[in-house]
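Visitor: Below is one structure. I have some questions about it.
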Amino acid sequence: MPRVPRRVLRSRGIAILVAVVSTVSLLASAAAEEIDSDACLACHGSEGFARPDGQSLFVDPTSFSSSPHGTLACTGCHADATAIPHAEHLAPVALESCATCHDDEVAAYRRSVHGQASAQGVSEAARCRDCHGDLHAPKPHTEAASAAHWSNLAATCARCHANVELAAKFQIPVVRPVEAYLASVHARAVSGGKRGAVCSDCHGAHEILRGADPRASIWRTNIPDTCGKCHTEIVARYRESVHGEALARGVRDAPVCTDCHGEHRILGPAEPASPVFAANIPGDTCGRCHTDARLNEKYGLPIGRVA
């Protein structure tokens, strides 16, 4: 057998390598082309499509294509779907996928009580889909059909915060806040189609912090600013009052809006059950502080004024 020159062997080797690389590239390209939304919807777009355990995996093609996410490739969020068919259980969509478009919102969420709990492995912690609904067909929060629209927020938050078992499990100090809110003048305005205060107006949207956090919108000294977003003139008068001036000086016992009006169950002043109804003001509202011997002694207040 004649000896083949080394340069010929080298040329043949390079040719083979190029052919292999080209083939791999073509296969990868073909795979990438196959795993597009249409390929995914070929299965997931069929009503009744489910896993062996019965969990529905149906995605409405019409709703998906017309949604803000309709232009995204499925594998942009489901990165572990690298072949068809893919693994039976895909990993939950990572926050990093959402951050590709919603980086500010994700950063705020990570700082929130929900985001911190989720990072610690708390499965009950609210994530994007819990507040925004089906992420295959999300609707802008400005649309009335969105779960994050102001008219639907009470029901959306109630999915967790009306659950007394969750409140007990995670030692949430305020139980039944949604039930109390629904009796309020704010909720009644919303149910009548008017723009009353909703959960996010007081607690924030993505960066929801604990009330014990000084950065929180419901931290005691921040409450006038929070209520003042709507009640501008009233808060201006409050700041000029002896109570407002005391708060500005750092007097922690000085009353703020919620001390007189309540937190979630805020009623109108003309309602007999309201703490600021005329007959309730002396004993139930002002009397809580001005009949307190400890506070009277601490701040040198006259005793017996309420009587």
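The values are calculated or read from the model by the stated rules, or taken from the named source; none is laboratory data. Since we're looking at a predicted model, the values are computed, not measured. With ideal geometry, Cβ positions are generated from the backbone for all residues, glycine too; neighbour counts draw on all protein chains shown. Note: areas computed on protein heavy atoms with side chains; ligands, DNA, RNA excluded. Shrake-Rupley method; radii C 1.70, N 1.55, O 1.52, S 1.80 Å.
Visitor: Of all residues in region 253-307, how many are in a helix (DSSP H, G or I), farther than 20 Å from Tyr238 by Cα and touching a residue at least 12 places away in the same chain (Cβ under 8 Å)?
Guide: 3
Visitor: Another question about this same structure. Against the condition farther than 30 Å from Cys157 by Cβ, of a type in the set (A, V, I, L, M), part of a loop (DSSP other than H, G, I, E, B) and in contact with a Leu (Cβ under 9 Å, 6 or more places away or on another chain), how does Ala81 come out, does it pass?
Guide: Here the answer is yes, as Ala81 does meet what is asked.
Visitor: Something else about it: Which residue is most open to solvent (accessible area, probe 1.4 Å), if the candidates are limited to region 43-85 and must be hydrophobic (A, V, I, L, M, F, W, C) and over 26 Å from Ala99 (Cβ atoms)?
Guide: Selected residue: Ile84.
Visitor: Run down Ile234, Ile223, Ile218, Ile208 and say which single residue is closer than 22 Å to Gly268 by Cα and part of a loop (DSSP other than H, G, I, E, B).
Guide: The unique qualifying residue is Ile218.
Visitor: Given the criterion open to solvent by less than 50 Å² (accessible area, probe 1.4 Å) and within 14 Å of His206 (Cα to Cα), identify the matching residue among Ala117, Ala137, Ala154.
Guide: Residue meeting the stated conditions: Ala117.
Visitor: Let me ask something additional. On the given criteria, is Asn163 among the polar types (S, T, N, Q), under 18 Å from the mean Cα position of the chain (by Cα) and surrounded by fewer than 18 Cβ atoms within 10 Å (Cβ to Cβ)?
Guide: It is true that Asn163 is among the polar types (S, T, N, Q), under 18 Å from the mean Cα position of the chain (by Cα) and surrounded by fewer than 18 Cβ atoms within 10 Å (Cβ to Cβ).
Visitor: What single numbered condition from (1) touching an Asp or Glu at 6+ places or on another chain (Cβ under 7 Å); (2) open to solvent by 70 Å² or more (accessible area, probe 1.4 Å); (3) among the polar types (S, T, N, Q) fails to hold for Ser112?
Guide: Ser112 satisfies every listed condition except (2).
Visitor: Would you mind finding the one in Thr221, Thr232 that is open to solvent by 80 Å² or more (accessible area, probe 1.4 Å) and more than 22 Å from the chain's Cα centre (by Cα)?
Guide: Thr232
Visitor: Then there is this: Can Ala81 be described as under 14 Å from the mean Cα position of the chain (by Cα) and touching a residue at least 12 places away in the same chain (Cβ under 8 Å)?
Guide: No; evaluated as a whole, the condition is false for this residue.
Visitor: Show me the helices (runs of 4 or more DSSP H) found entirely inside region 101-184 where at least 3 residues are closer than 28 Å to Leu72 by Cβ.
Guide: The qualifying helices (runs of 4 or more DSSP H) are 103-111, 113-119, 128-132, 153-161.
Visitor: Of all residues in region 242-261, count the ones that are of a type in the set (Asp, Glu) and under 17 Å from Gly287 (Cβ atoms).
Guide: Residues in region 242-261 being of a type in the set (Asp, Glu) and under 17 Å from Gly287 (Cβ atoms): 2 in total.
Visitor: Does at least one position in region 172-181 carry a residue that is among the aliphatic types (A, V, I, L, M) and touching a Lys or Arg at 6+ places or on another chain (Cβ under 8 Å)?
Guide: yes
Visitor: Looking at (1) surrounded by fewer than 16 Cβ atoms within 10 Å (Cβ to Cβ); (2) in contact (Cβ under 8 Å) with a residue 60 or more places away in the chain, which is the only condition Glu179 fails?
Guide: All conditions are met except number (2).
Visitor: Can you find a residue in region 19-35 that is open to solvent by less than 70 Å² (accessible area, probe 1.4 Å) and modelled with pLDDT of 70 or more?
Guide: Within region 19-35, one or more residues are open to solvent by less than 70 Å² (accessible area, probe 1.4 Å) and modelled with pLDDT of 70 or more.
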